[in-house]
Amino acid sequence: MRKLNNILVTGGAGFIGCNFIHLLLQKTPDFFGRIVNFDVLTYAGNLANLADIDLEFGGRRYFFEHGDICDRRFTEALFTKYDIDTVVHFAAESHVDRSIFCPGIFVKTNVFGTLALLDTVRNAWKNADGSMRDDVLFHHISTDEVFGSLNDTGYFTEKTAYCPHSPYSASKAASDHLVFSYHHTYEIPVTLSNCSNNYGPYQFPEKFIPLMILNILEKKSLPIYGNGKNIRDWLYVEDHNRAVWLVMNKGKSGSSYNIGGENEWENIALLYKLIEIVSEKIGLDKDSVLGTIVYVKDRSGHDWRYAIDCTKIKSELDWKQSVDFEKGLSLTVDWYLSHMEWIENIRSGEYTRWLKRNYGSR
């Protein structure tokens with residue numbers, strides 16, 4: 001029986017991770033355990049995302065530890081200090097464009113970081129006789145991008161062969177394979193989930209939906225790759241995290257589960273919808289905003305279409321999406337409109353300085 005009492009959340013200060021922590025501590029009444037947020041705080045990690053959590057639960061059920069998952073000695077000390085029985089591994093470099101510019105950082109964090117974490121749990125969760133405990137769990141968060149690209153028809157299933165097309169997706173594919181190899185070789189209890197594009201509160205402003213929302217607000221141009229016809233499946237972040245929690249509690253060890261929105265949109269159609277929602281909320285002339293759309297050179301290796309088949313998680317674990325896409329977009333726009341101070345704090349300079357230190361002057 002899995003404990004799920006002392007949970008190490010890697011990357012908990014990032015977009016999906018901080019929403020996961022909010023879900024467990026504020027919206028999951030049957031969770032009584034502790035959460036240790038383990039984050040190196042790169043440009044995308046922001047402790048302001050969890051200020052309310054720290055105020056309500058800090059020092060009792062919520063703890064923050066600043067460190068790098070590649071630092072095995074530090075990570076091992078955390079397992080001893082908090083008696084960690086569960087890992088939810090969100091920590092990852094995740095921006096495709098940046099992986100094209102500087103793939104080495106993605107390999108370091110996503111591959112070697114995952115390897116270091118797996119070695120830590122392999123040693124920490126070993127019984128005296130050398131066998132592996134069965135009351136522990138390593139849950140790995142992955143992406144639909146590891147499967148490559150679909151044509152106009154078909155869906156990714158858990159049996160779809162991996163075919164990553166970017167340094168980001170290749171690094172995530174490698175980490176997925178490492179997780180399952182440690183399950184089969186060392187008998188570590190693991191589950192894995194591949195999700196589609198998330199959206200919602202706290203998403204870093206360089207991602208498509210918040211970037212377009214903010215550019216509309218600031219009357220900037222709205223750049224879109226190629227002809228704008230590339231298709232993505234969109235999933236509200238809380239629906240994703242509810243699915244993750246369900247897999248952690250009821251998923252079969254050694255199994256993967258696809259989590260999608262079953263909600264495909266062409267990039268250009270999504271942009272039109274965002275323009276409509278934002279314009280209506282703040283009283284802009286929609287036609288004038290449409291005139292700021294700029295088609296730019298397509299991204300190298302840009303996958304055409306992603307779409308997830310969620311049959312397995314729906315049939316085996318009784319999960320379903322709960323947030324309608326238009327409602328979710330409206331909630332997301334409202335969140336950004338009411339959190340402009342959060343945006344300005346991100347833009348204060350540390351983001352730019354971090355990028356220069358790690359990616360050069362670009």
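Just so you know, all these numbers are worked out from the coordinates, no wet-lab data involved. No experiment lies behind these values; they were computed from the predicted model shown. So basically every Cβ, Gly included, is an ideal-geometry build from the backbone, and we count neighbours across all protein chains shown.
Can you work out the base-10 log of I(q)/I(0) for the stretch 109-189 at q = 0.21 1/Å, using the Debye formula on its C-alpha atoms alone?
For the stretch 109-189, the Cα-only Debye profile gives -0.94.
Kindly rank 233-244, 127-138 from highest to lowest mean number of other beta carbons found within 10 Å of each residue.
In descending order of packing, they fall as 233-244, 127-138.
Round to the nearest 0.05 the FRET efficiency obtained for Leu331 and Asn123 when R0 = 30 Å and r is the Cβ-Cβ distance.
Given R0 = 30 Å and the Cβ-Cβ separation, E is 0.10.
Once you keep just the Cα pairs under 8 angstrom separated by 6 or more residues, what percentage relative contact order results for the stretch 156-301?
Averaging sequence separation for qualifying contacts and normalising by length gives 32 percent for the stretch 156-301.
Nearest 10 degrees, 0 to 90: what angle lies between the long axis of helix 267-282 and the longest principal axis of the chain (Cα atoms)?
The two axes meet at around 70 degrees.
Using modelled backbone amide H atoms (1.01 Å from N, in-plane), which distant-in-sequence or interchain residues come within less than 5 Å of Ile293's amide H?
Those qualifying (amide H under 5 Å, at least 5 residues apart or on another chain) are Leu222.
Please get the size of the charge dipole for the chain, origin at its Cα centre, with Cβ charges of +1 on Lys and Arg and -1 on Asp and Glu, quoted in debye to the nearest 20.
The calculated dipole for the chain is roughly 620 debye.
Between Asp298 and Ala48, 0.36 nm times their residue separation minus their Cα-Cα distance comes to what?
86.6 nm
Beta carbons within 10 angstrom, averaged per residue: use that to sort the peptides 143-155, 277-289, highest first.
Answer by packing, highest mean first, reads 143-155, 277-289.
Over the chain, what is the relative contact order in whole percent, taking alpha-carbon pairs under 8 Å and six or more residues apart? Write down the numbers at each step before the final one.
Values: 629 pairs, mean separation 64.4, N = 362.
In percent, rounded to a whole number, it is 18.
I need the P(r) histogram for the stretch 172-274: all alpha carbon pairs, bin width 5 Å from 0 out to the longest distance, whole percents.
In whole percents, the pair-distance histogram is 2, 11, 17, 18, 16, 12, 10, 7, 5, 2, 0.
At a 10 angstrom cut-off on C-beta neighbours, averaged per residue, how do the peptides 156-164, 82-90 rank from highest to lowest?
Peptide ranking by packing, descending: 82-90, 156-164.
So between Lys273 and Asp83, what do we pick up on full extension, going 0.36 nm a residue minus the alpha carbon distance?
Fully extending the segment from Lys273 to Asp83 adds 63.7 nm.
Can you tally the net charge around Lys286? Count Lys and Arg as +1, Asp and Glu as -1, for every other residue whose Cβ sits under 15 Å from the Cβ of Lys286. Please list the in-between numbers first.
Values: positive: Lys219, Lys273, Lys281; negative: Glu276, Glu280, Asp285, Asp287.
Result for the neighbourhood of Lys286: -1.
Restricting to bridges with both residues inside the chain, how much of the DSSP beta-bridge set is antiparallel, in percent to the nearest 5?
Of all bridge pairs located within the chain, approximately 10 percent are antiparallel.
With respect to the cross-link table entries Lys281/Lys314; Lys159/Lys327; Lys81/Lys207; Lys219/Lys273; Lys219/Lys297, which display a Cα-Cα separation exceeding 28 Å?
Correct reply: Lys281/Lys314; Lys159/Lys327; Lys81/Lys207.
Could you pull out which residues in the stretch 143-169 have an amide N less than 19 Å from a spot 7 Å beyond the Cα of Lys250, following the Cα-Cβ vector?
Within reach of a label on Lys250: 158.
How much FRET efficiency would the formula 1/(1 + (r/R0)^6) give for His66 and Lys219, where r is the Cβ-Cβ distance and R0 is 35 Å, rounded to 0.05?
Taking R0 as 35 Å, the efficiency between His66 and Lys219 is 0.40.
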